[in-house]
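Asker: Following this message is one structure expressed as structure tokens.
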Amino acid sequence: MARLLERDAELASLAGAVEDAVAGRGSLVLVAGEAGIGKTSLLRAVRAGLREGVAFASGACEQLSVPVPLAAVRELVEAAGGDDPLAGAAAATGDRLALARSVLNVVAARAPVLAVIEDAHWADPLTFDLLRMFARRIEEVGVVIVVTYRDDEVGANPALRLLLGDLASSPAVHRIVLRALSEAAVQELAAGTGLDRARLMGATGGNPFLVVEAIAAGGRLPASVRDAALARAGRLSLAARQVVDVAAVVGQRVESALLASLVGDCSDQVDEALARGVLVADGLTLGFRHELIRDALEQCISPPRRAELHARVFAALVESAQPAGAAHARLAHHAELGGLADAAARYAILAAAEAERVGALREAYLQADRALRLGHELDSADRFELLLQSARTANFGNEQLDDAAGAARRAVALADELAEPGRRGRALMVLAATLWSLERVVEARTAAEQAIGAFAPAGDLALLAWAHATLLRLDATSFDPESVIDKAPEALELAERANLAEARIDVTISLGLARGQRGDREALQTLTRALDAARTGGFRIRVVRAYVNLMTVAVVQRDHARVDQIAAEALPLLQSWAVSALPIMSLRAFRARSLLDRGRWDEALSIVGARQRWWQGEYAVACSIEGLINARRGDPGAADLLQRAWADFGGLVGAEAARHGMLRLALVESAWLRDDLGAALAELRAAGESDAVPRFARSGGELALWGSRLGVELVAPEGAPAAVLLELEGDWRRAIDAWRELEAPYEAALAALPGDDRAAREALATLQRLGATAAARAFARERAISGARPARGPRRSTLAHPVGLTRREQELLEALATGASNAQIAQTLHLSERTVAHHVSAILHKLGAHDRHAAIEQARRAGLLSGSARTPKRISGW
């Protein structure tokens, strides 16, 4: 039964990866398949065939109620001769990139090496973070890391699903998917047994484990995987079965000494289990031939007997285990299943602290929840701290946000029972954070204000400074930027008096965001200084916040070069730090908005297409972007998308922020595009009456513009972009130029609505290049209503031109290439200098050039200049 059939290609692929590692070029190999498909057997065959000099190390994930953080990676490092990676400085500081490097360096010290992590479908998110980072460096070292997982259980582990998506395009990652055996292979395995091939194939589906177990059972076809797993164990003697039952409760891997401490001398019974193929040995460690066998054996033990065995395993581990994080998590697991509630709570508290220390927030939350659930003897102070830990880790780990808020509220109530204002203030700070994550910003602001009230009498400057910083953070993102500008000096003074550099940086970030939302051009410099200070001080949370708010303000001010720079710098850094998904979603959402502004609509859609996995606020931004693009293109479903987004998000909270403004303005434009004047005016009125739209520089300016187009006079806020003000003043020529300087082709086209026939034709050409067919129709409609001569749209020659130049613009481009000035061109072509200047501006815009020299160079590279351009016949005397 040891033969591997129909696995030659997979064996060759793994052997090739090992040979590459011998040459110094590593890789990450993902081996997927259902339970029993032969993943472990494949790796055993590869290990058996390793050439001399190639090392082997492995670790396995366990099916525990709460995973041990980095369990398989720690086991792998131990097998490679290294120390526990979570005991080092990298884990203590939360530097996951440094942690990944240290682990990879330990394993690479034995290169060439084949390193295996089995059963990743049970792994914790921290393990996946490290695998993601391994993939970036793996080609630099002589290491092959093979990760096995059940592909039919990916859906139950969202972190694994996300990892697989992230690694999809990595050149260092290879995938092997194991398929069921063919009928011919099943026949070969069953040769000489007298079993009916068709019945065997029908009963097993070609699953190698089931096929082999059915043959070993003498032809009794299994009714289920569990039956097949139990059939092999059923051939053991009673004494051997009792030993393997105890081993099944311990876990997939069992130290021989631990098993002996539980059942006494069992060497004969272990030998029998090894001979029957139930157990396998790896040095002094025993394991089950397949996890299916272990799981089936444990589930067959009666509940009272199983609880008794878990209690015995707990007692034995207490006697033998070192007081380390991994042991604490296992002890809590066995104690709970053994009915030892208080002991389970005690070790869960230790495991939660260890998990939070190393950044395994999901596991910290689950262990804290276990301690709260089982710790009936906890005193009020310990219960309070656990409630805060549960709320804090659930919130930052994106786990059960409603439960996080509930735990924080319970902590506030407990602090009130204890009559301790300091504890009440701390709980209110955590509550504010959890409510903000749930977009319940009004409640969050109330909690932050109450925290200030709780801390003020106690005179604790540090906590009071942080409470003020929290309130300003909420005001800057969801309430009134002007109030942040007014209150920031007091908060900065408090942080200074408390000697809290991090709080001072946090307040500065809020101040920079508020100023940016009000249109202050210096805001980006303020935020950049805060970012530099946060990086110097090692304040990672502030670094993340500074990047997100830099991106926000850069988009507000349409500083697209800065947007691209922030995205290129921040996204890889934040991913390497394995921060929560929210800031990364925010960065991507606002970069998509920048691409929309620049007319790069398909690129924007490619980003927001993943919105189903986004949080509510960023989901609304994504819907705004997609709905707006589709509305401009004439998609009949665009209005419904925007309306659904508003129904899901707009009325959720009692205060509106910049994201609400974006969605409100999209609803106004969508109605205007489809010529629904009543709906457009209603949406405009609602936007004007909202708390947020008029007081933010960008949304307030755009609101005034839409009012102007709809015949409603509105005042643009102070700090509105110059292009908006020019358009409102009726200076359409300068408005078009100002929009073009901001790389805003769509807005420049709409600014030409009151313009002359030439400007209208150019606007329609721009809209058609963007694919904005609905906008082009609306443009023509509004021109006709206003009494302007209907624009013909671009000529065929213009549409056919590679960059959309008109014949006149091409003529001027040829002249520019000779070095002629605007005055010379005007004299020769009998045009005014102002007309020539407008043509030159249009040429620069269409070529994406910042000056005429760059335009000529780009035109030459694109082959847009004729041979006569160097010596024009119509212009002389140069």
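Asker: Pull up the stretch 129-175, narrow it to residues that are within 20 Å of the chain's Cα centre (by Cα) and assigned to a loop (DSSP other than H, G, I, E, B), then point me to the one that is nearest to residue 40 (Cα to Cα).
Answerer: Residues of the stretch 129-175 within 20 Å of the chain's Cα centre (by Cα): 129-136, 154-170, 173.
When the remaining residues are screened for being assigned to a loop (DSSP other than H, G, I, E, B), the result is 157, 167-170.
Working: 157: 21, 167: 22, 168: 23, 169: 26, 170: 25 Å.
Among those residues, the one meeting the criterion is 157.
Asker: So, restricting to helices (runs of 4 or more DSSP H) that lie completely within the stretch 518-618, which ones have at least 2 residues that are out of contact with any helix residue (DSSP H, G or I) (no Cβ under 9 Å at 6 or more places or on another chain), modelled with pLDDT of 95 or more and among the aromatic types (Phe, Trp, Tyr)? Outline the logic, then answer.
Answerer: Values: elements: 523-537, 540-556, 560-576, 581-597, 601-608.
Counting at least 2 such residues, we get no helices (runs of 4 or more DSSP H) at all.
Asker: In the stretch 715-727, which residues are open to solvent by less than 60 Å² (accessible area, probe 1.4 Å) and either of a type in the set (A, V, I, L, M) or under 20 Å from residue 782 (Cα atoms) (or both)?
Answerer: Of the residues in the stretch 715-727, the ones open to solvent by less than 60 Å² (accessible area, probe 1.4 Å) are 716-717, 719-721, 723-724, 726-727.
If the condition is that a residue be open to solvent by less than 60 Å² (accessible area, probe 1.4 Å) and either of a type in the set (A, V, I, L, M) or under 20 Å from residue 782 (Cα atoms) (or both), then 716, 720, 723, 724, 726, 727 are the ones that fit.
Asker: Would you check which residues across the stretch 290-319 are β-branched (Val, Ile, Thr) and within 41 Å of the chain's Cα centre (by Cα) and list them?
Answerer: If we filter the stretch 290-319 for residues that are β-branched (Val, Ile, Thr), which is where we start, we get 293, 301, 313, 318.
Once the filter is applied, which keeps residues that are β-branched (Val, Ile, Thr) and within 41 Å of the chain's Cα centre (by Cα), the stretch 290-319 yields 293, 313, 318.
Asker: Does residue 579 satisfy being under 21 Å from residue 657 (Cα atoms) and either buried (at least 24 other Cβ atoms within 10 Å of the Cβ) or of a type outside the set (Asp, Glu) (or both)? Walk me through how you get there before you give the answer.
Answerer: On the way: under 21 Å from residue 657 (Cα atoms): no; either buried (at least 24 other Cβ atoms within 10 Å of the Cβ) or of a type outside the set (Asp, Glu) (or both): yes.
When the stated conditions are applied, residue 579 does not pass them.
Asker: Also: Return the pair list, or none, for Cβ contacts closer than 9 Å from residues in the stretch 152-163 that are over 9 Å from residue 121 (Cα atoms) to residues that are among the small types (Gly, Ala, Ser) and assigned to a helix (DSSP H, G or I), at least 6 apart or on different chains.
Answerer: Going by the 9 Å Cβ cut-off, the qualifying pairs are 161/155; 162/581; 163/120.
Asker: So residue 763 ticks every box in (1) open to solvent by 30 Å² or more (accessible area, probe 1.4 Å); (2) hydrophobic (A, V, I, L, M, F, W, C); (3) at pLDDT 95 or above but one. Which box is left unticked?
Answerer: Among (1) open to solvent by 30 Å² or more (accessible area, probe 1.4 Å); (2) hydrophobic (A, V, I, L, M, F, W, C); (3) at pLDDT 95 or above, the lone unmet condition for residue 763 is (1).
Asker: Having 2 or more residues that are open to solvent by 60 Å² or more (accessible area, probe 1.4 Å) and more than 30 Å from residue 373 (Cα to Cα) is the bar; report the helices (runs of 4 or more DSSP H) wholly within the stretch 235-345 that clear it.
Answerer: Values: elements: 238-250, 256-263, 267-275, 291-300, 303-320, 325-337.
By residue number, 238-250, 256-263, 267-275.
Asker: Taking the options 31, 54, name whichever one is open to solvent by less than 10 Å² (accessible area, probe 1.4 Å), of a type in the set (A, V, I, L, M, F, W, C) and more than 30 Å from residue 370 (Cα to Cα). Give the derivation first.
Answerer: Working: 54 fails: open to solvent by less than 10 Å² (accessible area, probe 1.4 Å).
On inspection, the qualifying residue turns out to be 31.
Asker: So residue 440 fits all but one of (1) open to solvent by less than 50 Å² (accessible area, probe 1.4 Å); (2) more than 24 Å from residue 346 (Cβ to Cβ); (3) within 31 Å of the chain's Cα centre (by Cα); what number is the exception?
Answerer: (1)
Asker: For residue 117, only one of the following conditions fails: (1) within 27 Å of residue 208 (Cα to Cα); (2) open to solvent by 50 Å² or more (accessible area, probe 1.4 Å); (3) under 25 Å from the mean Cα position of the chain (by Cα). What is its number?
Answerer: For residue 117, the failing item is (2).
Asker: Restricting attention to the stretch 544-565, and to residues there that are open to solvent by less than 20 Å² (accessible area, probe 1.4 Å) and of a type in the set (S, T, N, Q), which single residue is nearest to residue 534 (Cα to Cα)?
Answerer: The qualifying residue nearest to residue 534 (Cα to Cα) is 549.
Asker: In addition: Could you tell me whether the stretch 187-209 includes any residue that is closer than 30 Å to residue 336 by Cβ, crowded, with 18+ Cβ neighbours inside 10 Å and either modelled with pLDDT of 90 or more or of a type in the set (Val, Ile, Thr) (or both)?
Answerer: Here is the first cut: in the stretch 187-209, the residues closer than 30 Å to residue 336 by Cβ are none.
For the stretch 187-209, residues closer than 30 Å to residue 336 by Cβ, crowded, with 18+ Cβ neighbours inside 10 Å and either modelled with pLDDT of 90 or more or of a type in the set (Val, Ile, Thr) (or both): absent.
Asker: List every residue pair whose Cβ atoms sit under 7 Å apart, with the two residues 6 or more apart in sequence or on different chains, where the first one lies in the stretch 581-608 and is over 16 Å from residue 666 (Cα atoms) and the second, anywhere, is part of a helix (DSSP H, G or I) and of a type in the set (S, T, N, Q).
Answerer: Final answer for the pair search is 584/575.
The values are calculated or read from the model by the stated rules, or taken from the named source; none is laboratory data. Quantities reported herein were computed from a predicted structural model and do not represent experimental measurements. Positions of Cβ are generated from backbone atoms using ideal geometry, with glycine treated the same way; all protein chains shown enter the neighbour counts. Heavy atoms of the whole protein, side chains included, go into the accessibility calculation; ligands, DNA and RNA do not. Shrake-Rupley method; radii C 1.70, N 1.55, O 1.52, S 1.80 Å.
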